[in-house]
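Below is one structure, written out as structure tokens; comments come after it.
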Amino acid sequence: MIDLVHSSADDTELVRNAQAGDLGAFEELVARHRDKIFGRALSMMRNEQEALDLSQEAWVKAWQRLNQFQGDSSFTTWLTRIVINLCLDQLRKQKRRQTESIEAMEEESGGVERQMPVVAANPTERLERGELRRRIDRALDQLSHEHRTVLILHEFEEMEYKTIATTVGCSIGTVMSRLFYARRKLAALLADLKTDH
Amino acid sequence: MKTEQTLKLQAFLDGELSETEARDIAAWLARDADAKALHNELRHTRKALKDSEPRVTLPESREFYWSKIRRDIERSAPAPAKPAPASPLLWLRRLLLQTGPMTVLGVALLAGLIHFCWVDAKLGLATESTGAEAGTFTYHDDANGTTLVWVNFPAETEIAMNTTPW
């Protein structure tokens, strides 16, 4: 059932009410931003069930830490940082359990991206928006999580190199090198997808 | 092209270079066709991503998605951790932690004193007290309703003062 009192309030008011213990106000915030939070988790994890679980965990954490939200950024930015951190923790746990592939090790050491031929034409030119989104999604799927994460944080979350380095826990040099590789690989993948069609 | 150069080219695109460095890269781009081609590729990819983040919709209904969150919230913390007004017990605990064993001793002595006075009054026992002036002593018996006051004469302090030392 739609709660008219809460649905007419803006985010700031809902956050204030939720901070005072109003669970209805918090439910409205969840309803408003659930797609974005789930979407960010899915873009990082590439697994629907994991993204669902982590996005829900992010909301629970947000409720528990609501008094820490001072309004320095928007509520969605704050919440997105929570889900990103949860995803990074989960990816680190998974990485510890897996043996790194040779390809990933090569990517980390650098050099592969420099051997790729430059894609001269814009591979996304004249593509319909929906089609472009689908292609980007498929290309993102083929990147390692380290490269995808840096790309997402830079392009979608608009973080600077320094902030990405702090969030991910690596040096600025590593951020630059991962971002460079990810962009070059993505350009090649998008060009391939264009040729396929 | 060296790795450092390519990364600087990218940093130039992202606006992460200082003014001097940016000027150097711009000059390099103007004279190097390979650098220009790589810059264009990076720019196209960046633009494609900026404008086209894949959009997703939650595969679950609002109620179903919320029900799990609500359940976890209620299980872990019933309300946000907004600083609540301190209860008397919390206040006492904080005081004890800050002032340490001295407070514990003081509180115990005070409690003991109150207890003995209360028991005495309840049982109607006599109480004794020394007077404000030196040399007086008061005895009060509630049960019989009598009060006795001893006055030493001469006062002990006067004796002490008048005694000549050997």
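The values are calculated or read from the model by the stated rules, or taken from the named source; none is laboratory data. None of these values were measured; they are calculated from a predicted model. A quick note on method: Cβ atoms are made from the backbone with ideal geometry, for glycine too, and the neighbour counts reach across all protein chains shown. Each accessible area value is taken on the protein alone, full model and side chains, heavy atoms only, with ligands, DNA and RNA left out. Shrake-Rupley method; radii C 1.70, N 1.55, O 1.52, S 1.80 Å.
Other residues with beta-carbon under 15 Å from the beta-carbon of residue A:82 carry, at +1 per Lys or Arg and -1 per Asp or Glu, a net charge of 0. Compared with the dominant Cα axis of chain A, that is its longest principal axis, helix A:23-45 is turned about 10°. Buried accessible surface for the B/A pair, both sides summed and rounded to the nearest 100, is 4800 Å² with a 1.4 Å probe. Look at the dipole of chain A built from charges on Cβ: of A:21, A:84, A:189, the Cα furthest out on the positive end belongs to A:189. For residue A:131, the solvent-accessible surface with a 1.4 Å probe is about 40 Å², rounded to the nearest 10.
Computed about the Cα centre, the dipole magnitude for segment B:3-51 is approximately 220 debye when only Lys and Arg (+1) and Asp and Glu (-1) carry charge, each at its Cβ.
Within chain A, what whole-number % of the accessible surface is contributed by carbon and sulfur, with the 1.4 Å probe and all protein chains included in the calculation? Numbers along the way, then the final one.
Details: 4450 of 9550 Å².
It is 47 percent, rounded to a whole number.
Model label points for residue A:170 and residue A:16, set 7 angstrom from Cα along the Cα-to-Cβ axis, are 4.3 nm apart.
Protein chains only, probe 1.4 Å: how do B:62, A:92 rank by accessible area, largest first? Write out the running numbers ahead of the final one.
Working: B:62 50, A:92 90 Å².
So, going from the largest accessible area down, we get A:92, B:62.
Students often check this: by mean Cβ neighbours within 10 Å, which of A:135-143, A:16-24 ranks highest, and how do the rest follow?
Details: A:135-143: 19.0, A:16-24: 16.8.
Highest-to-lowest ranking by the protection proxy: A:135-143, A:16-24.
Measuring against 27 Å, Cα to Cα, the residue pairs A:93/B:8; A:185/B:50; A:162/B:2; A:61/A:162 contain A:93/B:8 as the ones spanning a longer distance. Positive contributions from Lys and Arg (+1) and negative ones from Asp and Glu (-1), summed over other residues with Cβ under 11 Å from the Cβ of residue B:13, come out at +2.
For the listed peptides A:149-160, B:23-34, B:48-59, a ranking on the average number of other beta carbons within 10 Å per residue, highest first, reads A:149-160, B:48-59, B:23-34. Using a 1.4 angstrom probe on protein heavy atoms only, which residues from segment A:56-75 are buried by at least 30 Å² of accessible area when all chains are present rather than their own chain alone? Residues shielded by partner chains are A:56, A:60, A:63, A:64, A:67. The distance between label points at residue A:8 and residue A:85 comes to 3.6 nm (points 7 Å beyond Cα on the Cα→Cβ vector).
If you run the Gaussian network model on chain A, springs between alpha carbon atoms under 10 Å, then out of A:50, A:28, A:125 the most flexible one is A:125.
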